[in-house]
Structure formats: structure tokens, C-alpha cells
Amino acid sequence: NVADHLDWVNKYSIQQALSMGEWDIITMQQASGVSGLYESYVPYLSQLISAVNTTQPQAEIVWHMTWAYSVESQHPEFPNYDRNQQKMLDAIHQCVRNLKKDYRIKRIIPSGTTIQSLRLSEVNNPPMEFTRDGFHLDYKMGRYAAACTWFQALVAPSLKTTLAGNPCRLADTKYPLTDEEALACQLAARRACA
């Protein structure tokens, strides 16, 4: 429930949330509209990393890379990239490279790369391109592809497994996938994580 989530966000500071348990991994990401503008990360990311390192020194910080908007997105921050999907994606990739170097973040969840790979495949669904509004992932392939990416980046290495052959098709949900759709998402996620 979105209202419950917002209520939770309003009740706890980052410090309080970090102190609620011992975490192995803490993921971070930038707001999508400025995820390709490196100046938007400074000095805030240093402060967030410092808070994590102070409160949860054992935790690995992992970065979630967002995706570029669909080519017809009406998001108010798409003009930051001249309303050009490839320019936005290139800027996001550059920011991730800078983060790895400047903040020594070793592990990336490359959801943006996965989504772009699907956009270049036979299963692309223009003009929405795996979004429901030009920027939020759609409930079917977009979210499934992101989940595959999170699994491949975080779970698979720990369990020494892979998405290859995973039978999940969300069959008993409102958003079932065909074999072709699921396999395309899994392949895009595996390639992105490689």
C-alpha cells in the first residue's frame, strides 16, 4: 500500500532505519530524472555512504542503476537529456562509472542496461517501452525484467546459481508472461549482469 509506505518514510530517518537491524547489503539509487547528472550526487551520496558505514559497517553498498525514459516520455526532467533516450542512458552509464571510481562501489544492479537491451529486442513494446507512463516500469515485463536483474546481481552470486532455466512466468497473477517474454527478460538480465 503506497499510503503505508509513505507513512513509514515519514516516521523514520535514515539513521533510524539503518539501526533497525543488521544488514548484509544496502542498495542505493538516484532519482531517475537526475540519475544521469553527476552533480546531483554531490555531496549527498558521500553523506549517505558515511551514515551507512557508521551504522552498518559490515554492509556492502550496492548501486541500483535506473533506466532511461521511453522515447515519448513526458517526464518533466526528460529535457535534462534533450528528450533523447540514448543521451539519458549514456549519462546514467557515465554516472555509474564515476560512482564506481569515486565511491568505490563495486556491485551494480544494472536494471537500466537490462531494460535498454529489451528495447533493442523483438519483444519491445513501443511507444511505452516497458513503462506504464514513460518512466515507471510497467507491471508485466518491465518489473519482471528488473526483478530478474536484482536476482542475477544479488541472489545468484550468493547461491552460486543463475536465472537460466528459471520457470517463473507469474502464471497465477494479473500479469502472466509467455515463455518468450520471460526468457527475453532473463537473458537481458543475465547479459546486463555479465
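Miscellaneous remarks
- Region 28-87, subset among the aromatic types (Phe, Trp, Tyr) and in a helix (DSSP H, G or I), residue farthest from PHE135 (Cα to Cα): TYR44
- Members of region 86-101 that are open to solvent by 70 Å² or more (accessible area, probe 1.4 Å) and either touching a His at 6+ places or on another chain (Cβ under 9 Å) or under 18 Å from LEU45 (Cβ atoms) (or both): GLN94, ARG97, LYS100, LYS101
- Residue satisfying condition, being open to solvent by 50 Å² or more (accessible area, probe 1.4 Å) and under 29 Å from ALA156 (Cα atoms), within set ARG83, ARG119, ARG104: ARG104
- A search for C-beta distances below 7 Å between a residue of region 117-138 that is over 16 Å from SER32 (Cα atoms) and any residue that is surrounded by fewer than 16 Cβ atoms within 10 Å (Cβ to Cβ), counting only pairs 6+ apart in sequence or on different chains, returns SER117/ARG191; LEU118/ASN124; VAL123/GLU180; PRO127/GLU72.
- Note on region 16-43: residues that are open to solvent by 40 Å² or more (accessible area, probe 1.4 Å) and free of Cβ contacts under 8 Å to residues at least 40 places away in the same chain total 11.
- Pair list, Cβ under 8 Å, 6 or more apart: region 91-106 residue free of Cβ contacts under 8 Å to residues at least 60 places away in the same chain and farther than 22 Å from ALA51 by Cα, other residue open to solvent by less than 20 Å² (accessible area, probe 1.4 Å) and assigned to a helix (DSSP H, G or I): ALA91/TYR81; ILE92/GLY112; HIS93/GLY112
- The listed residue being modelled with pLDDT of 95 or more and of a type in the set (Phe, Trp, Tyr), out of TRP63, TRP23: TRP63
The values are calculated or read from the model by the stated rules, or taken from the named source; none is laboratory data. What you are looking at is a predicted structure, and each value in this text was computed from that prediction instead of being measured. As a convention, Cβ positions derive from the backbone with ideal geometry for all residues, glycine included, and neighbour counts pool all protein chains shown. These area figures cover heavy atoms from the full protein model, side chains too; ligands, DNA and RNA do not enter into them. Shrake-Rupley method; radii C 1.70, N 1.55, O 1.52, S 1.80 Å.
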